[in-house]
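Notes for the one structure printed next.
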Amino acid sequence: MKAARRFAFTLLIGVFLLQTGCWSAVELNERAFARVMLIDQMEEGIELTLGFPLPNRLPSQAGGGGGGGGGNSENEPFTYVTKTSSNLADAYRQIQTDLPRRITFGQLRNIVIGRHLAENGLESFVDFMARIPNIHINANLFMTEGRVMQITKFPVLFEKFPTDILARYAKNQLTVTVTMKDLLDSLYHGGDFVVPLLVFGRQGTTEVKPDEKWMSTNGAALLRSGRLVGTLTSEESRGAMWIMGKVENTEVDVASPADGKNISFFIESAGTRIRSELSGGHIRIHITCKGDARAILSNSNINLTDPRQLRQVERALENELKERIRMTIEKVGQSRTDAFQLGRYVEWRYPRQWNSIQPEWRRRLATDVEVEPHVKIRIISFGGARKPEWNRIIPNRGATS
């Protein structure tokens, strides 16, 4: 009898809970899911823009791809809401006041800041983001060369939502990738970091409308203590990706040691290890990069099946990547930033000495610290053609004429 009563009581409580639901929950149809956040500094104050998918338009778009313009077309399944105020919190409150649904950041995947905001400092932005408990810390961070609102004007052709394009840039390792987690982590170590740059122009797809601009990634921005102090070119940003260990798949061109003609390789399975060395007050940073290479194009007569010539090409690849890393480190040093957090490797290995090194670390990194790149590339495939196609076909054709 006791067991029967206990079972009946448990069943009654379960039915009661199923009927009442969760008292503090906000139903999905009462939420507005912010997918992208745009922030810029204007003369009037801080400009905050949130991008939302429009649930009432999603079914009509289920069978097709993205639209052909920004968020203003009545056929687009997304929209942007913008407010400007003296601070981010008030701008956010104004956006929430205008919406019939409660804003949630559970699906926020990309945050884009404007150049003017970065020049004035990210203190208020970081403070605001750190105080919102449901911000996705793995959201990707980008910076625009000009006004951040340009992002609302580029055509959405390959994805359904504009933010999905930014997510693809990061996922496919097309540029330096930085998340909010990386930003918050860097603040505890001086606030120096690197951010990928978005640029806008007329070149791109032939379907771009007269009032639209094409978007792409090009280089990166250097920030010291949360303020913009310099930029990296596209070539230098690829060196930054090697230093940060964020190279997944990339293409590298090298001049053939045999005749100076171009050979293109696809680098995969890349990895980076950083180690610090302190001896007699002198600091040396070792950056060791490894990867496998596959030949994808060759205009050279070099024979990649010959082990001796193959090793010559591998050394040429290694020297090319070493030069990229050196060039990037030199550029970062000129900006007096520790964008790659190299000081942390010294602190981890020599915590006692770090207390005296830290106050002058940025200056020493630019002038005294020796950064040595070590690159090991192994060519694992030279393709099915042992000779360049143009070199194999043209002589034969000439001999029969």
Largest to smallest accessible area among W348, W242 [probe 1.4 Å]: W348, W242
Accessible surface, 1.4 Å probe, highest first, among residues R311, R227: R227, R311
Heavy-atom accessible area order for L141, L99, largest first, 1.4 Å probe: L99, L141
Go through K153/K322; K261/K322; K181/K376 and tell me which ones have a Cα-Cα distance over 27 Å in this structure. K153/K322; K181/K376
Accessible area of H116, 1.4 Å probe, to the nearest 10 Å²? 90
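The values are calculated or read from the model by the stated rules, or taken from the named source; none is laboratory data. None of these values were measured; they are calculated from a predicted model. Just so you know, the surface numbers come from the protein's heavy atoms only, side chains and all, with ligands and any DNA or RNA stripped out. Shrake-Rupley method; radii C 1.70, N 1.55, O 1.52, S 1.80 Å.
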